[in-house]
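Student: Before I ask anything, here is the structure I am working with.
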Amino acid sequence: MNFKCFFSVLVGLVALPSSAYAISSISVHIGEVQSPHGSARNVAFDYALNRPQPALKLKAQVRLPDEKDWLDVSLSCASLANPQIGPWNCQNGQLVTEHIKVPFSLMLDAKIADEISANLTLQDASFSDAAGLHAGEKVTGTVAAKAVKKSDDWQWQITVDWQKGEVFWQPFYFASGGHQLQANGVYNQQFLTLENASLSLKDVGQMRLSGQLRLTDNKIQILHADAPSLDLAALYPLVLKPLLEKTVLNDMEMAGKASFKLDLQNGEPKSFQLDLQNADIADKNGRFALYKVNANLPWDYDDEKTVQLAYAGGQLLRLPLGAANITANLNRYSLTAPQIKLPVLDGALNLSDVSAAWAGNGWHWHLRAALGPVAMTEVTQALGWPRMEGKVAATIPLVTYSTGQLTTDGDMQFNVFEGTAIITNLAMQDPLGIAPKLTGNMQFRNLDLGVLTHTFSLGAIEGKLDGDVNNLQLANWKPVRFDASFQSSPGSYRKKISQRAVENISALGGAGAAAAVQRSVLRFFEQFNYAKLGLSCKLHNDICEMGGIESTTQGYVIVKGSGIPSITVLGYNRNVGWGELLGRIQRVTAGNAKPIIRGVGQ
């Protein structure tokens, strides 16, 4: 038996007036029913007539076309009104399957062939699926629908009032009700047309919609959306956060207002408008924040638009940002801006030659940058680093981003610690993702050891320092591999090291480190001459292979003495865990180092 025949039989039986036959109930059992939309078997239908209001019970096993397993389904109405004297009225109904329990009441009026109306009330309904992608608990609400046939079209209207209950519908989670939908339109074999709809989300705002869906391939042909006032504090956790879960914007706080418009024609975007009013946008992990953002972000497929964004302040990686006003030109899928100035602390980051384009399902952009002199005292205070003196300035060459990869065309130069730092071959993969990866090389020349050691509380050292960090690899901003070497700069200059610096450097060599110092003079001198100093680390598999300026039979030399008194600092631990080395550095800079110092020959 097919479904069409099956429902014809049911409708005929239910429609029989109880007074026409001296019978108390009707029972029907069917072995199997088939349809392109699914199959049913072991169908048991019971219709009790010997009551003030007839009662209906239906049990069956149902299988959808793409499913292998049969699902037990039961449907009941404790009270079913006679459809010959009014609309079908199912009171205290219940639909039950393995994952669904829906108590409901339904009034269905279909007396006229070309007009149907229905009113459905749900009371504490619950549902879920085996995959865990959809679930609801204690869902209560009403649905009112009506459809009238005119020629080949059905004109329809629907009102949904979701009053309470929580629903998870991957990826969205609604913790409570209070949402409404009103809509009307036209349905035929080719299209489902939405003429006018109003969607109201509790605490978020209202959106008006219209559009058309092509039923042959379920593709949206036309869509118009207009949300004049949305509350960002409620919109982000309810709608935006689930959509941004796998991006760097997945854990944020927002406040302020936004307005939104979208126009889609022939399945393609035609125009777009997003405005922000006094919006606050902050990453909960402290990576970035913008405050009092006002933005006018228009886009049009045919016409060039000017976008404007202004903010009163913020921070990037804990560096304070001053007020900025940004203007750019947006031409279809490309954005350009000749100059952008972003105040940072007491300086500014100046961007030039900014160009971005969306192509091949991804962003491609490039820019140049220059960082004006910024006081290191303010930088280190903002970052929570030890206090540093002086100024930092940087020149950043052409930076290019394409298909998730960020690279630099040229060297990045910084002025730090009275010397220079150069970064070469810098590349970053997925910089805006959850776990970015960075590679590159770093070169330091003529760093002032006086400024450097004062900054990190190592004890006083006078001189200059060169360093190279090659094959640097960071994963989620943590080092996983590098080849680093630091040693005295070549040239003639004053080279002095304090007793405290000797002790701290000796502590970096580990428990077996020693400072070979003449005890007789160690007590009388606070400062010593040195000829050369240096330390190296090759990090691989979380182990640091350490070395100095030269090797010895038992270890390596960190500081090589010169003159009288002669001083030499040795290191004996060749392989040190990265975590242990970081711990030693922290103890040294905190003044808690316990070096081993012994006299020559001991």
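Student: Filter region 459-489 down to residues that are of a type outside the set (D, E, K, R) and without any contact (Cβ under 8 Å) to a residue 24 or more places away in the chain, then give me how many there are. Working first, answer last.
Tutor: First, the residues of region 459-489 that are of a type outside the set (D, E, K, R): 459-461, 463, 465, 467, 469-477, 479-480, 482, 484-489.
Remaining after also requiring without any contact (Cβ under 8 Å) to a residue 24 or more places away in the chain: none.
So the count comes out to 0.
Student: Taking the condition assigned to a strand (DSSP E or B) and surrounded by fewer than 17 Cβ atoms within 10 Å (Cβ to Cβ), does V167 pass? Give the derivation first.
Tutor: On the way: assigned to a strand (DSSP E or B): yes; surrounded by fewer than 17 Cβ atoms within 10 Å (Cβ to Cβ): no.
Judged against the criteria, V167 is not a match.
Student: Does any residue of region 271-290 turn out to be of a type in the set (D, E, K, R), under 19 Å from L230 (Cα atoms) and surrounded by 16 or more Cβ atoms within 10 Å (Cβ to Cβ)? Please lay out each step first, then the result.
Tutor: Restricting attention to region 271-290, the residues satisfying the condition of being of a type in the set (D, E, K, R) are 275, 280, 283-284, 287.
Now restrict to residues that are under 19 Å from L230 (Cα atoms): 275, 280.
So of that shortlist, the ones also surrounded by 16 or more Cβ atoms within 10 Å (Cβ to Cβ) come out as 275, 280.
Checked region 271-290: at least one residue is of a type in the set (D, E, K, R), under 19 Å from L230 (Cα atoms) and surrounded by 16 or more Cβ atoms within 10 Å (Cβ to Cβ).
Student: For region 578-595: of the residues being part of a helix (DSSP H, G or I) and crowded, with 17+ Cβ neighbours inside 10 Å, which is modelled with the lowest pLDDT? If you could, list the steps in order and put the result at the bottom.
Tutor: Taking region 578-595 first, the residues part of a helix (DSSP H, G or I) are 578-589.
From what's left, crowded, with 17+ Cβ neighbours inside 10 Å: 578, 581, 584, 588.
Details: W578: 87, L581: 83, R584: 76, V588: 69.
Applying the filter and picking the extreme gives V588.
Student: Here's another thing I want to ask about it. Report whether or not S492 is surrounded by fewer than 19 Cβ atoms within 10 Å (Cβ to Cβ), within 51 Å of the chain's Cα centre (by Cα) and either at pLDDT 55 or above or over 16 Å from Y556 (Cα atoms) (or both).
Tutor: Working: surrounded by fewer than 19 Cβ atoms within 10 Å (Cβ to Cβ): yes; within 51 Å of the chain's Cα centre (by Cα): no; either at pLDDT 55 or above or over 16 Å from Y556 (Cα atoms) (or both): yes.
The answer is no for S492.
Student: Given the options S506, S520, name the one that is at pLDDT below 85, crowded, with 19+ Cβ neighbours inside 10 Å and outside any strand (DSSP E or B).
Tutor: Numbers: S520 fails: crowded, with 19+ Cβ neighbours inside 10 Å.
Just a single option satisfies the conditions, and that option is S506.
Student: Search region 196-224 for residues being outside any strand (DSSP E or B) and of a type in the set (A, V, I, L, M, F, W, C), and hand back the single one that is farthest from V160 (Cα to Cα). First the steps, then the outcome.
Tutor: Step one: of region 196-224, the residues outside any strand (DSSP E or B) are 202-204, 215-218.
If we keep only those that are of a type in the set (A, V, I, L, M, F, W, C) too, we end up with 204, 215.
Numbers: V204: 17, L215: 23 Å.
Among residues in region 196-224 that are outside any strand (DSSP E or B) and of a type in the set (A, V, I, L, M, F, W, C), the one farthest from V160 (Cα to Cα) is L215.
Student: Kindly indicate whether any position in region 101-122 is among the small types (G, A, S) and touching a residue at least 40 places away in the same chain (Cβ under 8 Å). Steps first, please.
Tutor: Initially, region 101-122 is screened for residues among the small types (G, A, S), giving 105, 110, 113, 117-118.
Of the ones still in play, those that are also touching a residue at least 40 places away in the same chain (Cβ under 8 Å) are none.
No.
Student: What strands (runs of 3 or more DSSP E) completely inside region 327-379 contain at least 1 residues that are surrounded by fewer than 18 Cβ atoms within 10 Å (Cβ to Cβ) and in contact with a His (Cβ under 9 Å, 6 or more places away or on another chain)? Lay out the reasoning, then the answer.
Tutor: Values: elements: 334-344, 347-359, 362-375.
Of the strands (runs of 3 or more DSSP E) lying wholly inside region 327-379, those with at least 1 residues that are surrounded by fewer than 18 Cβ atoms within 10 Å (Cβ to Cβ) and in contact with a His (Cβ under 9 Å, 6 or more places away or on another chain) span 347-359.
Student: Something else: Of the conditions (1) in a strand (DSSP E or B); (2) under 30 Å from G314 (Cβ atoms), V186 fails just one. Which one is it?
Tutor: (2)
Student: Mind checking whether some residue in region 387-398 is part of a strand (DSSP E or B) and under 28 Å from the mean Cα position of the chain (by Cα)?
Tutor: yes
Student: Restricting to region 92-135, what's the tally of residues that are of a type outside the set (A, V, I, L, M) and under 41 Å from the mean Cα position of the chain (by Cα)? Walk me through how you get there before you give the answer.
Tutor: Filtering region 92-135 down to residues of a type outside the set (A, V, I, L, M) leaves 92-94, 97-99, 101, 103-105, 109, 111, 114-115, 117, 119, 121, 123-124, 126-129, 132, 134.
Of the ones still in play, those that are also under 41 Å from the mean Cα position of the chain (by Cα) are 94, 97-99, 101, 103-104, 119, 121, 123-124, 126-129, 132, 134.
The total comes to 17.
Student: Could you list, in sequence order, all residues of region 242-255 that are under 19 Å from P431 (Cα atoms) and either of a type in the set (S, T, N, Q) or crowded, with 16+ Cβ neighbours inside 10 Å (or both)?
Tutor: Let us first name the residues in region 242-255 that are under 19 Å from P431 (Cα atoms), namely 243-252.
Hits for region 242-255 are T247, V248, L249, N250, M252.
Student: Of all the residues that make up region 435-470, how many are surrounded by fewer than 16 Cβ atoms within 10 Å (Cβ to Cβ) and within 29 Å of the chain's Cα centre (by Cα)?
Tutor: 1
Student: Within region 170-191, restricting attention to residues that are polar (S, T, N, Q) and over 27 Å from the mean Cα position of the chain (by Cα), which residue is surrounded by the most Cβ atoms within 10 Å (Cβ to Cβ)? Explain how you work it out, then say what you get.
Tutor: Within region 170-191, the first condition is being polar (S, T, N, Q), and the residues that meet it are 170, 176, 180, 182, 184, 188-190.
After this cut, where a residue has to be over 27 Å from the mean Cα position of the chain (by Cα) as well, the list is 180, 182, 184, 188-190.
Working: Q180: 17, Q182: 15, N184: 15, N188: 13, Q189: 8, Q190: 12.
Applying the filter and picking the extreme gives Q180.
Student: T377 is checked against (1) in contact with a Lys or Arg (Cβ under 7 Å, 6 or more places away or on another chain); (2) at pLDDT 90 or above; (3) of a type outside the set (A, V, I, L, M) and fails just one. What number does that condition carry?
Tutor: Going through (1) in contact with a Lys or Arg (Cβ under 7 Å, 6 or more places away or on another chain); (2) at pLDDT 90 or above; (3) of a type outside the set (A, V, I, L, M) one by one, T377 breaks only (2).
Student: What is the number of the single condition among (1) in contact with a Phe, Trp or Tyr (Cβ under 9 Å, 6 or more places away or on another chain); (2) at pLDDT 85 or above that N529 does not meet?
Tutor: With respect to (1) in contact with a Phe, Trp or Tyr (Cβ under 9 Å, 6 or more places away or on another chain); (2) at pLDDT 85 or above, N529 is out only on (1).
The values are calculated or read from the model by the stated rules, or taken from the named source; none is laboratory data. Just so it is clear, the model here is predicted, and its values are computed rather than measured. We place every Cβ from the backbone using ideal geometry, glycine too, and count neighbours over all the protein chains shown.
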